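Heads up, the thing below is written out as structure tokens.
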Amino acid sequence: MSETKTAIIVGGGIGGLVSALKLHYSGVKVRVFESVENIRALGVGINLLPHAVRILTELGLAEKLEAIGLPTAELCYFNKFGQKIWQEPRGLHAGYHYPQYSIHRGRLQMLLLEAVKEKLGEEAVLTNHHLISFDTFSDCTVAHFEDKKTGAFVGSYEADMIIAADGIHSVVRKCFYPDEGDPIFSGRILWRGLTEASSFLTSRTMIMAGFQNQKFVAYPVDPEVSGDRTLINWIAELAVDKEMPSRADWNRKIDKAKFAPAFAEWDFGWLNVPQLIRDTDAVYEFPMVDRDPLPAWSFGRVTLLGDAAHPMYPIGSNGASQAILDADALGQAMKEHSSVELALKSYEKMRLTNTANIVRSNRKNGPEHVMQIVEERAPDGFDALNEVISRKELEDIAGSYKKIAGFDKHTLNKQ
Ligand SMILES: Cc1cc2nc3c(=O)[nH]c(=O)nc-3n(C[C@H](O)[C@H](O)[C@H](O)COP(=O)(O)OP(=O)(O)OC[C@H]3O[C@@H](n4cnc5c(N)ncnc54)[C@H](O)[C@@H]3O)c2cc1C
């Protein structure tokens, strides 16, 4: 009988934790090393697409997901005056076999952390372990960690492989691509917040309004709020005329006065954007950044996963979903190959081109490109949408993005 393989997962974010579960079910003994001392429910809302929900369902997490996620019923695009451009059903409403969830990122991370501890044991997650370097040998890898706050060395650990799920500022990626530098700034900034407000449209609708250089996204994320009041996740996005203002840090709080005036007139009747911004306590700033697709992620016994491998603009609800798809492919590759090196290369083959295509498509606004087209053709609004953009053009853009991002309904439902 072959010996049990071992893996070090660097990073206890969404990608790292789902990888831990997938590798565990593939017979690999896993430990997750997380930089922060206490993993807390940070972030605001994200969306999980049906293909990612399928993977979490297969991991036995369907009921827990249902308890914290709100099944998204539809996606609508509007121009900056609140005129509707596009409406499509989502998740189960669209005929997928699995729902799409609007969900609080932090609550999802805590759900996954709990699942990892339950299945793999408490000792499988080591916090306060920030990876600083690693060595690779023909038969194993050794990873070295410090306490990030003090810089004190906290230990070295050996395993058959290292899975680097250490996010957009990945230390491991930097070791393989030392000249890459900082993430690439799009010229746009995202301000994110969560606030209780009146529900809008179907009360499970995700909306995007505006165009490339000024956009507002809003959707409810909490299934438990009753009556007319609900917890709404929102993102205001603006192009700025300057260098990237700050390091890409998901937890940077800022003053709303920086962007709120630009949205002062955006009261659509069914959604009052300035009011939503006014009512929000904490607003977080994140520069819209990505990195160029890489030629390779897997080097011998070490590979990259999630944002470490393919950070992309948060367009089309793909950040967390693609990290979950990576984890699934990794688990599958590990089952299929006895050699670690071959498994990691096979995982890369399954995922690199697909995710590179999404990175590139998101640079051209992904499915939201329709909003940009309408802005360019009808900057003052329209009387009849079909005089601005045809139904076919709208359908082609939506359909082709679903194929690129791997959630084309017919393909997915066959799986
Ligand atoms: C705190 C936080 C809040 C976020 N909020 C949002 C949000 O509101 N909306 C949104 O769209 N996306 C958000 N994201 C990003 C989103 O979670 C990811 O795009 C997506 O889930 C892919 O996840 P990932 O696991 O690859 O990376 P991440 O979720 O970024 O996780 C990476 C993990 O690795 C850890 N880490 C980093 N360096 C090291 C190291 N050297 N050693 C050990 N551990 C390390 C980090 O602490 C983190 O826990 C957030 C990410 C973080 C970390």
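The values are calculated or read from the model by the stated rules, or taken from the named source; none is laboratory data. Keep in mind that what you see is a predicted model, and the values were worked out from it rather than measured. Note: ideal-geometry Cβ built from the backbone for every residue, glycine included; neighbour counts use all protein chains shown. Heads up: the accessible areas ignore ligands, DNA and RNA and are worked out on the full protein's heavy atoms, side chains in. Shrake-Rupley method; radii C 1.70, N 1.55, O 1.52, S 1.80 Å.
Go through the range 231-303 and name the chymotrypsin sites (Phe, Trp or Tyr not before Pro) that are in a DSSP coil and have 13 or fewer other Cβ atoms within 10 Å of their Cβ. Provide the component values of the computation, followed by the final result.
On the way: sites: Trp234, Trp250, Phe259, Phe263, Trp266, Phe268, Trp270, Tyr284, Trp297, Phe299; in loops: Trp250, Phe259, Trp266, Phe268, Trp270, Trp297.
The qualifying sites are Trp270.
Quick one: with all protein chains in place, what share of the accessible area of the chain is carbon or sulfur, to the nearest percent (1.4 Å probe)?
Numbers: 8640 of 17750 Å².
The C+S portion of the solvent-accessible surface of the chain is 49 percent.
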Probe of 1.4 angstrom, ligands and nucleic acids ignored: what's the accessible area per residue over the chain, in square angstrom? 43 Å²
Most mobile of Ile103, Ile189, Ile397 in a GNM of the chain (Cα contacts under 10 Å): Ile397
Name the lysines eligible as straight-distance cross-link partners of Lys149: C-alpha to C-alpha under 28 Å, and not fewer than 8 places from it in the same chain. Lys117, Lys174, Lys253
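Looking at the range 196-305, which GluC sites (Glu not before Pro) are DSSP coil and have at most 15 other C-beta atoms within 10 Å of their C-beta? Write out the running numbers ahead of the final one.
On the way: sites: Glu196, Glu224, Glu237, Glu243, Glu265, Glu285; in loops: Glu224, Glu243, Glu265.
Sites meeting the loop and neighbour criteria: Glu224, Glu243, Glu265.
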Would you kindly state the longest site-free stretch of the chain, with sites defined as trypsin sites (Lys or Arg not before Pro) in a DSSP loop (not H, G, I, E, B) surrounded by at most 15 other Cβ atoms within 10 Å? 253-363
Taking the alpha-carbon distance from Lys414 and a cut-off under 24 Å, which lysines remain once sequence neighbours fewer than 8 residues away in the same chain are dropped? Lys22, Lys335, Lys349, Lys402, Lys403
Just going by the charge dipole of the range 215-322, with Lys and Arg at +1 and Asp and Glu at -1 on Cβ, which of Ala260, Gln322, Val221 is farthest out on the positive end? Gln322
I'd like the FRET efficiency for Lys148 and Ser246, computed as 1/(1 + (r/R0)^6) with the beta carbon distance as r and R0 of 25 Å, rounded to 0.05. 0.85
The range 164-206 to the range 259-280: how many Å between their Cα centroids? 22 Å
Under 5 Å, built H, 5+ apart or other chain: amide partners of Val125: Val32
Cα-projected label distance for Glu158 with Glu196, points at 7 Å along beta-carbon direction, nm: 5.5 nm
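Pull up the DSSP beta bridges for the chain and report the antiparallel fraction as a percent, rounded to 5. Working shown, then result.
On the way: 57 of 76 bridges.
Antiparallel bridges make up about 75 percent of those DSSP assigns within the chain.
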Angle between the Cα long axis of helix 319-336 and the longest principal axis of the chain, 0 to 90 degrees, nearest 10? 30 degrees
Treating only the Cβ atoms of Lys and Arg (+1) and Asp and Glu (-1) as charged, compute the dipole magnitude of the range 249-307 about its Cα centre; round to the nearest 20 debye. 220 debye
So which of Lys242/Lys364; Lys215/Lys256; Lys64/Lys119; Lys64/Lys345 end up more than 23 Å apart by C-alpha? Lys64/Lys345
